[in-house]
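Chemist: Here's a structure for you.
Please treat every number below as a calculation from the coordinates, not as lab data. None of the values given here were measured: they were computed from a predicted structure. Cβ: placed from backbone, ideal geometry, glycine included. Neighbour counts: every protein chain shown.
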Amino acid sequence: MNKFQARERRARKTRAKIKSLGVSRLCVFRTPRHIYAQVIGEQGKILASASSIDKDLRGKVGSNIAAAEAVGALVAERAVANGVTKVAFDRNGFKFHGRIKALADKAREAGLNF
């Protein structure tokens, strides 16, 4: 099993647990250059999204922790505007460390509960 398959296995395991909770999930994906976040409802509908390539953030942030914090705050702001405050954090198999942790902390500060 290579590292990509291992991450997919961890992601599937997390999603199975989140599905049993019956709440929306804050799903995070990262690449070496960018970071993406979506709040996905119980039926699979995207309720809010943000990324480091959004018009609001493009050019202002790079691919570092500051970019992750900006994306976390923006996705939380958009989710709260759509009436979503309680979510489950889906780190998509990535370690809760660095950019993933920064995004989660800023989303919590901006009003999401998880």
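Chemist: Considering only residues that are assigned to a loop (DSSP other than H, G, I, E, B) and without any contact (Cβ under 8 Å) to a residue 24 or more places away in the chain, look in segment 1-30 and name the one that is farthest from Ala70 (Cα to Cα).
Modeler: By that ranking, first place goes to Met1.
Chemist: Let me ask you something else. Let me confirm something: among Ile65, Ile53, which residue is closer than 24 Å to Lys3 by Cβ and among the aliphatic types (A, V, I, L, M)?
Modeler: Just a single option satisfies the conditions, and that option is Ile65.
Chemist: On to the next question. For residues that are of a type in the set (A, V, I, L, M) and either in contact with a helix residue (DSSP H, G or I) (Cβ under 6 Å, 6 or more places away or on another chain) or assigned to a loop (DSSP other than H, G, I, E, B) (or both), scanning just segment 78-90, find the one that is surrounded by the fewest Cβ atoms within 10 Å (Cβ to Cβ).
Modeler: If we take residues in segment 78-90 being of a type in the set (A, V, I, L, M) and either in contact with a helix residue (DSSP H, G or I) (Cβ under 6 Å, 6 or more places away or on another chain) or assigned to a loop (DSSP other than H, G, I, E, B) (or both), then Ala88 is surrounded by the fewest Cβ atoms within 10 Å (Cβ to Cβ).
Chemist: Sticking with this one: With respect to Leu47, determine if the residue is within 15 Å of Asp105 (Cα to Cα) and of a type outside the set (Val, Ile, Thr).
Modeler: no
Chemist: Six or more apart or on different chains, Cβ atoms under 8 Å: show the pairs whose first residue is in segment 96-110 and closer than 11 Å to Ala76 by Cα and whose second is loosely packed, with under 14 Cβ neighbours inside 10 Å.
Modeler: Pairs that qualify, where the first residue is closer than 11 Å to Ala76 by Cα and the partner is loosely packed, with under 14 Cβ neighbours inside 10 Å, are Ala104/Phe96.
Chemist: If I ask for residues that are assigned to a strand (DSSP E or B) and in contact (Cβ under 8 Å) with a residue 24 or more places away in the chain, which ones from segment 41-77 would you list?
Modeler: Leu47, Ala48, Ser49, Ala50
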